[in-house]
Amino acid sequence: MQHRVIGALCAMAVMGGVFAQTPRKPAAKPAAQAAPAPTAEAKDAATLEFEKFRAEMEDSNPAELFEAKGEEFWKSRHGPKNVSLAESCDLGQGVGKIEGAYVKMPRYFADADSVMDAERRIVWCMVEKQGFKFDDIAKRPFANENFTPDITNLVTYVAGHSRNMKVDVPLKDPKVREAYEIGKEMAAYRAGPYDFSCNTCHGSDGKRIRMQNLPNLSTPKGAMSGVQGWPGYRMTGGVMLTHQWRMGDCFRQQRFPQPKYASDAVAYLLTYMIGNANGEVYKGPGIKR
């Protein structure tokens, strides 16, 4: 198991860079005086205001526009092989079937011999079934103010067909369970200039950055908070972004090397996070501040 974890961590680096060495544990420092925690009343008031704001914005969520574009791509023929994903791509429910597929991933796919989240699987289908080149997709995998890649629209479309369904990652599958355990170890792995891990921010209850609650990803409701609303329309940039993007942004905030797009490393972490949300209801593509 340990060599799989290290392999996944090394695979995160891009442009030929890898972790040069295992980070050394910093020398112990005197504990700083902790700032007083906000009162429960203050936390509740702030949380309620954010929830109220998000609920109001959901009424005008533009995600459906991206879903429509994704549907058009899914059903149309594309790529060097001139086939549609609707007639060639199996997301785990049968070729072309997308109802409920999003909440049942990550899952193991024998044809790829890999555990794949939804985005990784759709990319695999675009490459293997339609004939696109992976490197071309990976050059611009995420949206900006001037461009939304087809993969983002496709993921949004597929995710929309799991709206109001319960998360059901097949953790009893040995391959998926192995990916989950690797993701769990990765979440606890401390490295980088801040000596951070995923769990530094998301491993216990009651943490907050500025006015933003930080969910505890080891609990079902906390994990669901990390899953809910992705893919999501980001108001600050006016762009639609996926869970793969969000994971990469977490690495950026930790000052880690950026993970390779659609890599094992991200799939393992998503298996851990989404697997912990099993039984919780996914509300579909959302809207973010």
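Data for the structure
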| read-out | value |
| --- | --- |
| Computed E for residue 52/residue 144 - FRET, C-beta separation, R0 30 angstrom, nearest 0.05 | 0.50 |
| Inter-centroid distance (Cα atoms) of segment 226-251 relative to segment 113-176, Å | 14 Å |
| Fully extended contour minus Cα-Cα distance, from residue 209 to residue 87, at 0.36 nm per residue | 39.4 nm |
| Charge context of residue 69, other residues only, Cβ under 14 angstrom, K/R +1, D/E -1 | -4 |
| DSSP-assigned coil residues among GluC sites (Glu not before Pro) in segment 103-211, each with at most 15 further Cβ atoms within 10 Å | 145 |
| Sorted by Cβ neighbour density within 10 Å, fewest at the top, the residues 125, 201 | 201, 125 |
| Stretchable slack from residue 75 to residue 200, in nm (0.36 nm times residue separation minus alpha-carbon distance) | 40.7 nm |
| Sum of side-chain charges, residue 79 neighbourhood, beta-carbon under 11 Å (Lys, Arg +1; Asp, Glu -1) | +1 |
| Sorted by Cβ neighbour density within 10 Å, fewest at the top, the residues 180, 194 | 194, 180 |
| Leading residue at positive end of dipole, segment 41-288 (Cβ point charges), from 238, 180, 281 | 180 |
| Student exercise, segment 84-173 dipole from Lys, Arg, Asp, Glu Cβ charges, in Debye to nearest 20 | 240 debye |
| Stretch gain in nm, segment residue 221-residue 110, where the contour uses 0.36 nm per residue and the Cα spacing is subtracted | 36.9 nm |
| Size of electric dipole in segment 41-288: Cβ of Lys, Arg +1 and of Asp, Glu -1, about Cα centre, debye, nearest 20 | 340 debye |
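No value in this document is a laboratory result; all are computed from the given coordinates. Since we're looking at a predicted model, the values are computed, not measured. Neighbour counts are summed over all protein chains in view; Cβ atoms, including those assigned to glycine, are modelled from backbone coordinates with ideal geometry.
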